[in-house]
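These notes concern the structure reproduced below.
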Amino acid sequence: MPLLDVRGLTTRFRTERGELTAVDDVSFSLEAGQTLAIVGESGSGKSVTAMSLMRLIPNPPGRIVAGEILFEGQDLLKLSDAQMRDIRGNRIAMIFQEPMSSLNPALTVGMQIAEPVNVHRKEPWARAFEVARGLLEKVRIPDAASRLQTYPHQYSGGMRQRTMIAMALACQPKLIVADEPTTALDVTVQAQILDLLKELTRETGAALILITHDLGVVARYADAVAVMYGGRIVEQAKAETLYAKPRHPYTQGLLAAIPRLDGPAGHRLVPIAGQPPDLARLPPGCAFAPRCTKADARCAAERPVLREVAPLHFNACHHDVD
Amino acid sequence: MSTEPVQGASELLRVEDLRVHFPLRGTGLLGRSPGVVKAVDGVTFSLAAGQTLGLVGESGCGKSTTGLAVLRMQPVTSGKIIFEGDDITRQQARTGTFRRRMQMVYQDPYGSLNPRMRVSDLIGEPLQVHGMAGNRGEYDDRIAGLLKTVGLLPDMADRYPHEFSGGQRQRIGIARALALEPSLIICDEPVSALDVSIQAQVVNVLMELQERLGLAYLFIAHDLAVVRHLSHRVAVMYLGRIVEIAPRDDLYREPLHPYTQALLSAVPVADPSVEAQRQRVVVQGEVPSAVKPPSGCRFHTRCPHALERCKVDDPPLQDLGGGRSVACHLYDAASTSSAGGRSIPIVRAA
């Protein structure tokens, strides 16, 4: 049994422009200890997928309308709010993009890391603070004991994100969901934080879902990749396979569009024509069809389903025929 | 100093020992000044006509302040800015005649265009300000031509910015910058707010325009792959200083400064098979505060190769020949022997 098995997850939002489907029939699974990257551009549905997993979709305007989220065999969508609170921050932890807005500015760092240990593990506060000190050491914040008494504003961006990782690890979660954890950070700090996150998940055996727009980060840290476009997963494979043999025209387009640190420079990049789709006005067929060079009448009319086109390689494209 | 541009091209912009210091507000103990932030602290470079100089570094390194100082939108503490042969250091952006020839493209395509203005007015405003609008017919033709130049349709002239996507807005910003036929455009993170699939469109527009119009760019960005793609030469900044400047291929193939090495190493390549085999240089910690930069070499607190003298001696940017300069004691002829068994990157004359 996989650690996490998401089936047909669908999340909708009511907006002024009508109801839009931000996450549409998304399915994937994840084994313990594995790192799955969910990549996509803004509006692709990757962050809403993460928030749906945590059941943190604000209702209204949002609502999970269909699907199952089987975590250790249990459907999270069937749990009461109280039961879900027992899991959140305990067995599933989340790391957000903005460490400053996800840390409480009025509480000491020690308090914030110790809290989940006290709440979920029922450890007395003194013991919880001990655990917090150990965690700060683990995320390599120097002088951990005295740092417990300080406030988030006294920290740099990288230190705040280390604090977020310490909080996430506090209850030894089985799954960590990290939504663009390093997007706000400088590149040398990004490397430190992601290396640390990867090392700690390896050590604790936790699985990691890494939400990102950065194909380089995916290549360095992920075991498997799901590419999202217009609210759907359009391609999914092991990382090596996806980069070596991308099959969906969107994935191929993305990889051709980015300049690389290696390889040729100064040539014309191959952009993907057109604009990312408007979720409120998705075409009836394939969401990528208006930008796709291979698109034909069938693509415009009929939405392709995600199917296994090679072992463990899934693609949602009418033109993928072996 | 090997900050001169690639041979055969004429120098368009020269920046000499530029310093931009910001006094901290409020009074310190006993009425003493609480100090200054040395955002740019002795920057020297030059840029040839029709070429691109990439200016890279992490947040707070002074790259954007350098750009604003060159545009004369930021008061200069000391140093010189020579543009098209004239010393513009004491001129101001609003009144300086040079501003026809030097324009800017901003990072945020949403915040930098007035939402109440039509595209035709946004693009045409510089022409009106400089009294170059001509008669109605000429003006409309000019706007239509500029829209076409950046890959937009002439009939978009009557629309408002909100009707455009991020990539299209950035093209409008470029068209506005082109209106006065400048010789230099300062681009401050022009693609970093755009989605990956859109970035390539804007990068291509910038490259095409350079070829067609002979524009020079000072291309300020944190994305090392985009900078590599567009630049002829690249300068790497750290805490207000240029630590290394070199022709593009030399810098990326064989970075000399330990900070450049760490920076390049930190950027993942979008290829798992490459990543699996990459040798990585990892630096610890974060960029120190610019209010109290470290003594000696500003990078010594994070440098894996730091020597004793790096803590006290501030290394100057020294010319290594072949258009390369680096500010690092590892490349002092005298320091080679004192480095003991450390492996020192080999300096090759190009």
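Rule-based calculations on the coordinates, nothing more; no lab input. The shown structure was predicted, so the numbers you read here are calculated from the model rather than taken from an experiment. Heads up, the Cβs are rebuilt from the backbone with ideal geometry, glycines too, and the neighbour counts pull from every protein chain shown.
Before moving on, here are some points about what is shown:
- DSSP loop trypsin sites (Lys or Arg not before Pro) with at most 15 other Cβ within 10 Å excluded, longest remaining stretch of chain A: A:141-267
- In chain B, helices alone account for a calculated mean residue ellipticity at 222 nm of -8000 deg cm²/dmol, with every DSSP H run of four or more residues adding -39,500 (n - 2.57).
- Extension gain for A:A244 to A:V65 (0.36 nm times residue separation, less C-alpha to C-alpha distance): 60.9 nm.
- Counted over chain A, the DSSP beta bridges are approximately 60% antiparallel.
- Considering only the protein assembly as shown, percent of DSSP beta bridges that pair antiparallel, nearest 5: 60 percent
- A:Y151 paired with B:E211, simple spin-label distance in nm, labels 7 Å along Cα-to-beta-carbon: 5.6 nm
- Taking every DSSP helix (H) stretch of at least 4 residues in chain A, weighting each as -39,500 (n - 2.57) and dividing the sum by the residue count yields a mean residue ellipticity at 222 nm of -9500 deg cm²/dmol.
- Amide H partners (placed H, <5 Å) of B:L12, local residues excluded: B:L47, B:A48, B:A49
- Computed over all pairs of different Cα atoms, the Kirkwood value for the hydrodynamic radius of segment B:102-225 is 14.5 Å.
- For the peptides B:46-57, B:150-161, A:22-33, the ranking by mean Cβ contacts within 10 Å, running from highest to lowest, is B:46-57, A:22-33, B:150-161.
- Take every DSSP beta bridge whose two residues both sit in chain B; close to 60 percent of them are antiparallel.
- Residues B:S192 and B:Q318, FRET efficiency given R0 of 45 Å [Cβ-Cβ distance, rounded to 0.05]: 0.90
- Cα gyration tensor shape of the protein assembly as shown, rounded if a/c is under 1.5, else prolate or oblate by comparing a/b with b/c: oblate
- In a reduced charge model with +1 at each Lys and Arg Cβ and -1 at each Asp and Glu Cβ, segment A:116-266 shows a dipole moment near 320 debye about its Cα centre.
- Cleavage-rule hits (trypsin sites (Lys or Arg not before Pro)) in segment B:65-97: DSSP loop, at most 10 neighbouring Cβ within 10 angstrom: B:R90, B:R94
- Average beta-carbon neighbours from other chains, 10 Å sphere, peptide B:223-230: 5
- Computed magnitude of the charge dipole of chain B (debye, nearest 20; Cβ of K, R +1, Cβ of D, E -1): 800 debye
- Inter-label distance for A:D262 and B:L180, nm, one decimal - labels placed 7 Å from Cα along Cα-to-Cβ: 4.5 nm
- For the peptide A:229-242, the mean number of other protein chain Cβ atoms found within 10 angstrom of a residue's Cβ is 1.
- In this rough spin-label picture, where each label sits 7 Å from Cα along the Cβ direction, the B:Q284-B:R116 distance is 5.5 nm.
- Taken residue by residue and averaged, Cβ atoms of other chains lying within 10 Å of the Cβ of A:211-220 number 5.
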